[in-house]
1. Express in whole angstrom the spacing between the alpha-carbon centres of region 95-110 and region 33-72.
2. Apply the Kirkwood formula to the chain: the hydrodynamic radius equals the inverse of the mean of 1/r over all pairs of different alpha-carbon atoms; give it in Å with one decimal.
3. Could you tell me which chymotrypsin sites (Phe, Trp or Tyr not before Pro) in region 43-72 are loop residues by DSSP with no more than 12 other beta carbons within 10 angstrom of their beta carbon?
4. Taking LYS46 as the anchor, which lysines have their alpha carbon closer than 26 Å to its alpha carbon, excluding any fewer than eight residues away along the same chain?
5. Zone of CYS31 (label point 7 Å along Cα→Cβ, backbone N under 14 Å): which residues in region 1-24?
6. Helix 80-96: angle to the longest alpha-carbon principal axis of the chain, degrees 0 to 90, nearest 10?
7. Which whole-number percent gives the relative contact order of the chain, counting Cα pairs below 8 Å spaced six or more residues apart?
8. Please work out the FRET efficiency for the pair LEU107 and VAL50, using the Cβ-Cβ distance as r and a Förster radius of 25 Å; give the result to the nearest 0.05.
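Bear in mind these aren't lab numbers, they're just calculated from the coordinates by the rules spelled out. The shown structure was predicted, so the numbers you read here are calculated from the model rather than taken from an experiment. Neighbour counts are summed over all protein chains in view; Cβ atoms, including those assigned to glycine, are modelled from backbone coordinates with ideal geometry.
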Amino acid sequence: MKLTACPKCESASLGDQWVRGRRLQQYCHSCDWRGEDRVPEQLEIKTKKVVAVGRFYGFEYEVFDRFGHLSISSRTYATETEAVQQLKRDLERGKKDEQAGPYTAVLWPAQVEVEGEVFDE
């Protein structure tokens, strides 16, 4: 049975450690108490997680000329609002560029949620 406080010193600072036979043992961070080995609780296996898209964990954008060639690869922005403001400025410049404009931009999010494929026996 998993406890919420140490029976020896009453500290709430408890942890779990793996012991022989793929069992868990609760222990106290404050004293030398060790609990009885127990069968680990059954946990749900999550198949979705959030992963960073960019190199520096922020929003980035790319601007392409009218031929579809990359013209600008932005720096990383902390917020989507900051990235969109600068992106719009770059698009405005494309309206005046007679050779390569108008521009098209793609905003890349800071992170996305992905779902993994489950394999078992």
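1. When both Cα centres are located, 28 Å separates them.
2. In the chain this quantity evaluates to 19.4 Å.
3. Of the chymotrypsin sites (Phe, Trp or Tyr not before Pro), the ones in loops of region 43-72 whose Cβ has at most 12 other Cβ atoms within 10 Å are PHE56, TYR57, PHE67.
4. LYS2
5. Within reach of a label on CYS31: 5-14.
6. 20
7. It rounds to 22 percent for the chain.
8. For LEU107 and VAL50, the calculated efficiency is 0.90.
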